[in-house]
Amino acid sequence: GYIASRLSKDALLTAGFSWEMATICGSLMGLGYQTYVEIMDGYGRQWGFSPTDALMNTIGASFHAAQYFVPFLQNFSPKLEFYPSPWIGEKTRKGSVNPLDDYSAWTWWLSVNVHNLLPESIKPYYPSWLNIAVGYAGRNIDWSDMDRRIIISLDYNLEKILPEGGAFWNWLRQYVNLIKLPAPAIEFTLSPSWGPVRPPRFYLLFPFKIGATP
């Protein structure tokens, strides 16, 4: 919902809308498209309407609009991370018909721009490109060992790392920054139905199990 709203806003800006109207209308367009998808899923035999999907779509589109009207929220950036489940040592979701449908392969993040939130006296000592991100993932979905996980990780602000360039490159750089790259992390398992809660797991490069504690 957030990304669809952002793309819609950019299209409206290119068409000559003011920033405020592009933000409002883009958010409504993003939400409208996602709502259309959910309604169509409601008529699908293998799918069904998901109230929680609709809620999260609304939150994503609303957050996009709120970042314009409450500039402080620009310090928090939604990000996504996708690697096929076998690549990260997990089971592919049962019934998935394409890679994007493998929900076990996705991790969803909210990245915090720590540098902007620090007192002015401390900012010179903290890298402007180093964020902290909080992530959520479901793994082994529809299997007996399915669980949910919360992850806290280092993150890279690619808008600070990648050099500036022309208008198209600067636009593209903002969208590249919506992708969460592997980084050191600690992972917590949330009350799995199949057994006791696993102790926190440390990763050298989450989500890959390289250097991960058992």
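Bear in mind that the values in this text are calculations on the coordinates, not laboratory data. If you're wondering where the values come from, they're calculated on a predicted model, not measured in any experiment. Every residue, glycine as well, gets a Cβ built from its backbone with ideal geometry; the counts of neighbours run over all protein chains shown.
A compact table of results
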read-out: Considering residues of the range 111-134 that are aliphatic (A, V, I, L, M) and either surrounded by fewer than 16 Cβ atoms within 10 Å (Cβ to Cβ) or in contact with a helix residue (DSSP H, G or I) (Cβ under 8 Å, 6 or more places away or on another chain) (or both) only, the residue farthest from L158 (Cα to Cα); value: I122
read-out: Some residue of the range 160-167 being among the charged types (D, E, K, R), on the phi > 0 side of the Ramachandran plot, in a loop (DSSP other than H, G, I, E, B) and surrounded by fewer than 17 Cβ atoms within 10 Å (Cβ to Cβ); value: no
read-out: Count of the range 96-110 residues which are surrounded by fewer than 18 Cβ atoms within 10 Å (Cβ to Cβ) and polar (S, T, N, Q); value: 2
read-out: Flag for L12 being in contact with a Ser or Thr (Cβ under 9 Å, 6 or more places away or on another chain) and of a type in the set (A, V, I, L, M, F, W, C); value: yes
read-out: Test: residue in the range 135-143 that is of a type in the set (S, T, Y), surrounded by fewer than 17 Cβ atoms within 10 Å (Cβ to Cβ) and not in a strand (DSSP E or B); value: no
read-out: Lone qualifier among I59, I39 - being surrounded by fewer than 19 Cβ atoms within 10 Å (Cβ to Cβ), under 18 Å from K79 (Cα atoms) and out of contact with any strand residue (DSSP E or B) (no Cβ under 7 Å at 6 or more places or on another chain); value: I59
